[in-house]
Amino acid sequence: MGFAVWLIVFVGIMGFSWYASRMAERNGEETLSDVGLAIMEFGRAYPQEAIRSLHATADGKAVFVRLHDNRAGFMRNMRHHYACHVIEAGRVTVRSLDSGRGFHVEFLDAPAHNGNYIFSTAADAAEVSLWLLGNYVAAKDIPLPASAADAG
């Protein structure tokens, strides 16, 4: 009788271990580096916005989105859901990191997403930072050169 109890306990532990490893493996695969998944999730959150370009971070846990009107958006994997938002002009600050492959972002409207974002290449980091800087200063706020101001 004791052998049967221990066998059931052993089988139960093995079954639980298998289930836990499958769940951990599945959660590890859910990154936003899959462009199709990122487009679907952002489109679900903002169906009226047209995506122009995407760049995922090196770990695939965040994606920066360039929208059709040169605004920027952001997506982050929050384990069981994806946080998506459109970055409003003047509501983000960016500082470069020493590595050159990333930057530190402070979202004034979503401080929970503040942090360092590292990309696969320095070129990707530079391009995304330009999107954010372009988003930071509205076109109407850019001063015209003296010659253009006199002509207009």
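What to note about this one:
- A cut-off of 5 Å between modelled amide H atoms, ignoring neighbours fewer than 5 places along the same chain, links GLY73 with VAL65, ARG66, LEU67, ILE87.
- Length added when fully stretched, ALA110-ILE8, from 0.36 nm per residue minus Cα-Cα: 31.8 nm
- Projected onto planes of every orientation and averaged, the convex hull of the alpha-carbon atoms in the stretch 35-140 covers 6.4 nm².
Since every read-out is calculated from the coordinates, none of them should be taken as a lab result. Predicted, not measured: the structure shown is a model, and the values here were computed from it.
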